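Input: a single structure, listed below in structure tokens.
Read-outs throughout are calculated quantities, based only on the coordinates presented, and are distinct from any laboratory measurement. Everything numeric here is computed off the predicted structure, so don't read it as measured data. Cβ placement follows ideal geometry from the backbone for every residue including glycine, while neighbour counts extend to all protein chains displayed.
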């Protein structure tokens with residue numbers, strides 16, 4: 001029987017998925033933002 | 001009274017989400033207000049049935065405001081063509097487009113730029129742009145407007161300033 005308490009539990013797998021999700025989010029959002037800036041001002 | 005318990009991992013995830021949202025909002029503000037990347041506006045109203053009587057719209061095309069620096073372009077969309085279909089402007093000049101529709105809803109999108117506006121009868125869409133590089137920029141209708149929709153396009157020819165008007 002494990003002596004690990006709920007406070008000790010580290011959801012490493014979840015954090016890996018979160019990291020991938022956040023990295024992809026920043027990458028995709030950043031690429032669109034970069035494209036927008038490359039097109040130039042509209043005013 | 002018991003306080004609300006939030007798991008520490010959940011707290012981290014909420015923090016990351018909030019930081020991301022704040023960062024994106026700040027960057028959009030920078031692009032819009034500091035760098036001038038803004039969505040087009042509906043500038044004014046106009047009666048589509050009276051376009052031919054309007055001094056500005058009866059002869060759509062390019063107006064030279066300040067030679068080499070500032071131009072205005074009036075474009076009328078209708079099924080299934082833009083008038084004019086070919087526009088010539090010099091590179092490096094600020095070009096302000098005024099676009100309206102004679103009949104139904106169309107779209108005006110200049111490829112390879114972020115010039116994109118809905119063309120609604122009764123309204124004038126206004127958007128400005130500076131074409132830095134000479135070349136041909138095609139513009140298309142982005143709102144399905146019937147059988148000839150795919151043929152509804154035109155071209156903006158951006159020429160070097162020294163060649164403009166020759």
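Counting only DSSP beta bridges with both residues in segment B:14-166, what percent are antiparallel, rounded to the nearest 5?
Just about 70 percent of them are antiparallel.
Can you give the alpha-carbon Rg of segment B:84-127 over 2.2 N^0.38 Å, where N counts its residues?
1.22
Among B:129, B:144, B:123, rank each residue by its count of other Cβ atoms within 10 Å, from fewest to most, as a rough exposure measure.
Arranged by neighbour count, lowest to highest, B:129, B:144, B:123 become B:144, B:123, B:129.
If neighbour count is taken as other Cβ atoms inside 10 Å, put A:16, B:159 in order from fewest to most.
A:16, B:159
Suppose the Debye formula is applied to equal point scatterers at every Cα of the protein assembly as shown; what is log10 I(q)/I(0) at q = 0.08, 0.12, 0.15 Å⁻¹?
-0.44, -0.73, -0.97
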